Every structure is written in C-alpha cells, then in structure tokens.
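For reference, the structure discussed in these notes is given below.
The values are calculated or read from the model by the stated rules, or taken from the named source; none is laboratory data. Quick caveat, the model's predicted, so the values are computed rather than measured. Every residue, glycine among them, receives a Cβ derived from its backbone with ideal geometry; neighbour counts consider all protein chains shown.
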C-alpha cells in the first residue's frame, strides 16, 4: 500500500476544501491549462487570517506559496514569515499587513516581488473556521513541544502528547516565543498541519465530514474557478509524495534602528531563486 506523506495530503485537502466553497470570485486569472502550455509553474498563495465578523480583510498570520511544476511533476511549499519586511513608499512594512490594507491580490503581488515569480491564484481561509473544524473532528492529537500559558483565552498547555481543542490548537499555531519568534511559529504551524492531516485521515472522521462542510464554506475565499480547481486536483494526484518539498523562507531577524520594529529580513539572493533551487533538489537551513 502506498504511504502518503503530509505535504501531498495538505495540497489535496486544500483542493477539496476549496471545492466546497460556493462563494468564488468572478474575476478569474489565466486558466491552469494556459499556464501549463506556457511551461511556467502554477503558483498558489495560501493566506490564513483572523478576521472578525465585521472585517472584510485582516492581517495574514500564515502565508504559504504552493508552486507546482507540471513538467517534472514536483511541488514545493514555501512558508513566508508574517514579519517579513517589504518596502513601500518612504517606509518599511510587514508582509502580513498587505492583505488587511489592500486585499489578497496585493499580497500575491508582494510575493511575486519577493520570490521573483508570478502568482496568479490565492486561497484565503479564516482561522475561526479552522478552530470550529478541529472541534467538530473531536480535537487534534499531537506532541506539543512548548509550555504555553494564556490566561486571556484560558489556554494552558504543557509539553507532551495530548488532544488539543480548536481553541488550544489555534493558540499553539499562533504562539510566538521570545527566543524563536516568527520562525518558531511557522515550524509549529507545520507540526500542527501534520497532526491535523493524520487526524482527518482516521476512519471515524468520514462520518463527520457533513458537519465540517458549513464551517469550511463560511471561511474560504479564492479566485480559482471550479473547473480550474478540478484540473488542479488531477495534477496534484499525479505528483509522487517524494516530489513534494517544504521550506521556510531563509533570512534573519532585523530591528529597525529608527522605529524599533522587528522584522524578518529575507535573504534576497536566495529568495529570488528559491523556487528553482527547491525544484532542483536544494534546500536551505533557517536560523533563528
């Protein structure tokens, strides 16, 4: 029996979740078939936000670029730290603010400049749906690697293997330690995703899928049409698990001497060629 690895399952679930959403934008970019014919990779930006009920846009806590190279049947997932510094007129700005101020299309444009590529598609999800989905599943079992105390949300976690509620899982994914900062958070998000996927694949979960659909539908926004999504799902299913790579965008912590703001300063020499490097088998260490 074929053993599934986490990244491929993540990609497939993204497709399934998005297909459940009925509120898809009308302004579609180029079709996936057209991009494939051009020989270019298919790039999809995943944005995880924490929007309140009265908010149209919100800051993106999770930013992941999924790039699929059909020519070699390979895909890479690049986690972009939310504190990544970008340049705007007369000032510096964190990339997580772009969605709140200008929306997901502008976030795609910033990632284009950051990675030297074209990003035609986005999938945006709200964390409230994420929390509800985990509770519907009955929680997520995982090995917690930190001690976490949050009196404001009544969440207290200690290291060890345990079942996390939706609130606890979200707090864990968004926790930012004093020593590991934003990079530690991206690593915890990857740990949680692995555990969540494993939970979803359990036989008992199948009966809960009808209850999951409303929670998902209310919290997903994308500019990928249904026909493009089906075509994309077919491409992903053809990718071997060993040909899917995950990577956090390399860089270093930076404090602005004028404002005192802390940023993740991306290594631009690496970032502008990171997709090609990952597709050719190279990966990079990320130092805190």
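The residues listed here are 131, 110; of these, the one that is under 20 Å from residue 176 (Cα atoms), in contact with a helix residue (DSSP H, G or I) (Cβ under 6 Å, 6 or more places away or on another chain) and not in a loop (DSSP other than H, G, I, E, B) is 131.
Output the residues belonging to the range 243-261 that are within 20 Å of the chain's Cα centre (by Cα) and over 21 Å from residue 189 (Cβ atoms).
243
Among the conditions (1) farther than 30 Å from residue 36 by Cα; (2) in contact with a strand residue (DSSP E or B) (Cβ under 7 Å, 6 or more places away or on another chain); (3) modelled with pLDDT of 85 or more; (4) part of a helix (DSSP H, G or I), the only one that residue 170 does not satisfy is (2). The one condition from (1) under 17 Å from residue 191 (Cβ atoms); (2) within 17 Å of the chain's Cα centre (by Cα); (3) part of a strand (DSSP E or B) that residue 161 does not meet is (2).
Quick one: which residue in 94, 113 is over 16 Å from the mean Cα position of the chain (by Cα) and under 28 Å from residue 34 (Cβ atoms)? Full working, then the answer.
Values: 94 fails: under 28 Å from residue 34 (Cβ atoms).
Every option except 113 fails the conditions.
Any residue at all in the range 60-72 that's farther than 26 Å from residue 229 by Cα and either in contact (Cβ under 8 Å) with a residue 12 or more places away in the chain or out of contact with any strand residue (DSSP E or B) (no Cβ under 6 Å at 6 or more places or on another chain) (or both)? No: zero hits.
Using the structure shown, decide if residue 144 is farther than 24 Å from residue 59 by Cα, surrounded by 18 or more Cβ atoms within 10 Å (Cβ to Cβ) and either in contact with a helix residue (DSSP H, G or I) (Cβ under 8 Å, 6 or more places away or on another chain) or at pLDDT below 90 (or both). For residue 144, the condition - farther than 24 Å from residue 59 by Cα, surrounded by 18 or more Cβ atoms within 10 Å (Cβ to Cβ) and either in contact with a helix residue (DSSP H, G or I) (Cβ under 8 Å, 6 or more places away or on another chain) or at pLDDT below 90 (or both) - is met.
Among the residues of the range 173-187, those that are out of contact with any helix residue (DSSP H, G or I) (no Cβ under 6 Å at 6 or more places or on another chain) and either part of a helix (DSSP H, G or I) or in contact (Cβ under 8 Å) with a residue 60 or more places away in the chain (or both) comprise 174, 179, 180, 181, 182, 183, 184, 185, 186, 187. The criterion of at least 1 residues that are modelled with pLDDT under 80 and farther than 27 Å from residue 280 by Cα is met, among strands (runs of 3 or more DSSP E) falling completely within the range 47-92, by 85-88.
Looking only at the range 11-31, decide whether some residue is modelled with pLDDT of 80 or more and crowded, with 22+ Cβ neighbours inside 10 Å. No - not one qualifying residue is present in the range 11-31. Among the residues of the range 151-170, those that are surrounded by fewer than 20 Cβ atoms within 10 Å (Cβ to Cβ) and closer than 17 Å to residue 130 by Cα comprise 153, 155, 163, 165, 167.
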